[in-house]
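Below: one structure, written as structure tokens.
The values are calculated or read from the model by the stated rules, or taken from the named source; none is laboratory data. In this text, all values refer to a predicted model and were calculated from it rather than measured experimentally. We place every Cβ from the backbone using ideal geometry, glycine too, and count neighbours over all the protein chains shown.
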Amino acid sequence: MRLVHGGEYVDDVLDLLLANVRTPALRRGDLRAQIAANNIAGERVSELVERRGKDVIMAAFDEVISYTEKRTREAIRDLPDGEHSAEDFLEGDGTTDEDIPVRATVRIEGDSMTVDFAGTSGDVRGNVNCPLPVTRSACYFALRVLLPKDVPANAGTYAPLQIKAPEGSLVNAKKPSAVVAGNVETSNRIADTVLAALSRFAPDELPAQGQGTMNNVIIGGSGAWGWTYYETIGGGQGASPHGPGPSGVHVGMSNTLNTPVEAFEMEYPMRVMRYELVYGSGGEGEHRGGDGIVRSIQILEEGVSLSLLTDRRRHGPRGASGGEPGAVGENLLNEEGLPAKTSRELEVGDVVTVKTPGGGGYGKTG
């Protein structure tokens, strides 16, 4: 089924999609905006082809892809040949609080790189399983950290990279594994683990780990009109050889920004009680890691539920080159601790607090 055909909506498909979401009016607007943007992009490419000719445009596209592959291979070739492994953990899957291992082995051979996830956990009962395309994206992100900023991102950038992920594992989930948090949480841990292995090849070049989680907060109510609030909260970025890590930013995943308190309180039956940096939560080092954020929200109506998808509540982001780890995050309901992944029914007056992790420090102090 196609949502758009010839630049126009297919009404039956649109109606089917909107019948399966909680806020159809909002999603209709989102889809209309995305479709309009794609239609304009198509018009602009057509205009470019008309002016320059299809053969010229296709040759230019091929040249850009070839150029980025050459630049990527040059960067990989600068690393020593060899093999290094790293291991990290997801903190439970929502059905258990036990650590779930993610293991990555990075192999450099000349101008090519292989990432092998042998030894990673099999798929789990909870929703943290990761489809292979998301795993690829996390590996691509780790590779991009190695590259100069002026190298574009396209198919040529990733041609030198091979990914091996055991089928049916946490990082190559198959139906019917639940995968909603694979994109928002497991992807962070994959990127962290691959970067940790890569750091053995270039120990003085890569930054310390950032917060490593999107701190997903979902609060919904039935009320007279029904509503859903979903926000991801920034934290500390890892420090690097070039300076301290930024505070209160998203790291790796998410393109969302700060939700202003005024807009939040006008839209939802909730009140923001606290919103500030967690000063000193970044890891110590020659360069300090960035600080996390604390956000406290009070519930103002009955019939409200909470879901949290978070991580780095036990294992803090690691420092680099002798730097100290960042502080772990913390989830609280009325000042009592909550697991990293949980759901709760809330009452009027309850206060949900999310403290996000700080980034790791870089280099030894003194």
Seminar exercise, completed: When Phe89 is run through (1) within 27 Å of Leu309 (Cα to Cα); (2) out of contact with any Pro (no Cβ under 9 Å at 6 or more places or on another chain); (3) assigned to a strand (DSSP E or B), the failure sits at (2)
Seminar exercise, completed: In the stretch 186-231, residues that are surrounded by fewer than 19 Cβ atoms within 10 Å (Cβ to Cβ), under 30 Å from Thr23 (Cα atoms) and out of contact with any strand residue (DSSP E or B) (no Cβ under 7 Å at 6 or more places or on another chain) total 5
For this session: Search the stretch 21-39 for residues that are small (Gly, Ala, Ser) and pair each with any residue that is part of a helix (DSSP H, G or I) when their beta-carbon atoms are under 9 Å apart and the residues are at least 6 apart or on different chains.
Result: Ala25/Leu18
Exercise. Can you find even one residue in the stretch 99-107 that is surrounded by 14 or more Cβ atoms within 10 Å (Cβ to Cβ), not in a strand (DSSP E or B) and not assigned by TED's automatic domain parsing to the domain that holds Glu330?
Worked result: no
Exercise. Modelled with pLDDT of 95 or more and either surrounded by fewer than 20 Cβ atoms within 10 Å (Cβ to Cβ) or not assigned by TED's automatic domain parsing to the domain that holds Gly366 (or both): does that describe Gly285?
Worked result: no
Exercise. Does the stretch 278-291 contain at least one residue that is over 19 Å from Asn331 (Cα atoms), small (Gly, Ala, Ser) and touching an Asp or Glu at 6+ places or on another chain (Cβ under 7 Å)?
Worked result: yes
Exercise. Hey, among Ser254, Ser281, Ser307, Ser296, which residue is assigned to a loop (DSSP other than H, G, I, E, B), touching a Ser or Thr at 6+ places or on another chain (Cβ under 7 Å) and among the small types (Gly, Ala, Ser)?
Worked result: Ser254
Seminar exercise, completed: Expected single match for closer than 30 Å to Arg107 by Cβ, modelled with pLDDT of 95 or more and part of a helix (DSSP H, G or I) among Glu74, Glu83 is Glu74
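Any residue in the stretch 315-334 that is basic (Lys, Arg), out of contact with any Gly (no Cβ under 6 Å at 6 or more places or on another chain) and within 27 Å of Ala142 (Cα to Cα)?
Checking the stretch 315-334: not a single residue is basic (Lys, Arg), out of contact with any Gly (no Cβ under 6 Å at 6 or more places or on another chain) and within 27 Å of Ala142 (Cα to Cα).
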Exercise. Only one of (1) under 24 Å from the mean Cα position of the chain (by Cα); (2) crowded, with 22+ Cβ neighbours inside 10 Å is not met by Leu306, so which one is it?
Worked result: (2)
Exercise. Within the stretch 359-366, is there a residue that is assigned to a loop (DSSP other than H, G, I, E, B), surrounded by fewer than 15 Cβ atoms within 10 Å (Cβ to Cβ) and either modelled with pLDDT of 95 or more or hydrophobic (A, V, I, L, M, F, W, C) (or both)?
Worked result: no
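Let's see how each residue does on (1) touching a residue at least 60 places away in the same chain (Cβ under 8 Å); (2) within 13 Å of Gln211 (Cα to Cα):
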{"position": "Asp291", "(1), (2)": "yes, yes"}
{"position": "Arg295", "(1), (2)": "yes, no"}
{"position": "Glu324", "(1), (2)": "no, no"}
{"position": "Glu347", "(1), (2)": "no, no"}
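Okay, residues lined up against (1) surrounded by 12 or more Cβ atoms within 10 Å (Cβ to Cβ); (2) closer than 30 Å to Gly220 by Cα; (3) among the hydroxyl-bearing types (Ser, Thr, Tyr):
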residue: Leu3; (1), (2), (3): yes, yes, no
residue: Val13; (1), (2), (3): yes, yes, no
residue: Leu18; (1), (2), (3): yes, yes, no
residue: Val21; (1), (2), (3): yes, yes, no
residue: Leu31; (1), (2), (3): yes, yes, no
residue: Ala37; (1), (2), (3): no, yes, no
residue: Glu43; (1), (2), (3): no, no, no
residue: Ser46; (1), (2), (3): no, no, yes
residue: Glu50; (1), (2), (3): no, no, no
Problem set entry | Failed condition for Met273, given (1) assigned to a loop (DSSP other than H, G, I, E, B); (2) in contact (Cβ under 8 Å) with a residue 60 or more places away in the chain; (3) touching a Ser or Thr at 6+ places or on another chain (Cβ under 8 Å) | (1)
